[in-house]
């Protein structure tokens, strides 16, 4: 196809707009390349690179290489700033077709057409108004990112303080329980000798009572024996 491309924004034949890079005889059809090129046309270089990196089509890898070559040409040859570039135009032309044949039945053959294409990417500097908009958007995004980061840090700090307070409360409760147990053990230790003394006194009293009871029983037995002896003596005298 001769003449300037319509999406290249060149109104005069031979007029140069932007910096270009061309990949010739890429082993893919032009229709497949145009589907991906339509995604990045008009985007800034950074956004276009992100789109190509996340595109699952195989031709996106070749187009990304061409985009990087165009940016490198603009930086090295035209002394442009890579952050100020955008894709002003991109297109794919039909290349040469490789003709092959596949054997079929009865001596026939089927033609195989292996398409190629020429991929062109043109980058240029964005206008001052667009650069101002992008810069303001980036500053707003950075400010919002910083604010969200501060909010996340504050929330994490509050959660850490709450967790620390809960741990301290648990530790204090455990210490109180341990102190109460120690007090109970001390009280038990002080009460244990008194209980032992009371038990010993009770045992002594019981022993004394038993001894007194035995003594009384012995006295009664002696009295009865004396009475029996007196009775027997009187009978003998009679």
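Tabulated data for the structure shown
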{"quantity": "Residue selected from the range 52-80 under the condition without any contact (Cβ under 8 Å) to a residue 12 or more places away in the chain and in a loop (DSSP other than H, G, I, E, B), by the criterion farthest from residue 123 (Cα to Cα)", "calculated": "56"}
{"quantity": "Sole residue being assigned to a helix (DSSP H, G or I) and more than 30 Å from residue 68 (Cα to Cα), chosen from 159, 137, 111", "calculated": "159"}
{"quantity": "Selection count, the range 53-63, where residues are closer than 20 Å to residue 86 by Cβ and within 32 Å of the chain's Cα centre (by Cα)", "calculated": "4"}
{"quantity": "Hey, residue 81 surrounded by 10 or more Cβ atoms within 10 Å (Cβ to Cβ) and either outside the structural domain of residue 33 (by TED's automatic domain parsing) or modelled with pLDDT under 95 (or both) or not", "calculated": "yes"}
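The values are calculated or read from the model by the stated rules, or taken from the named source; none is laboratory data. Source: prediction; values computed, not measured. Using ideal geometry, Cβ is built from the backbone for each residue, glycine included, and neighbour counts are taken over all protein chains shown.
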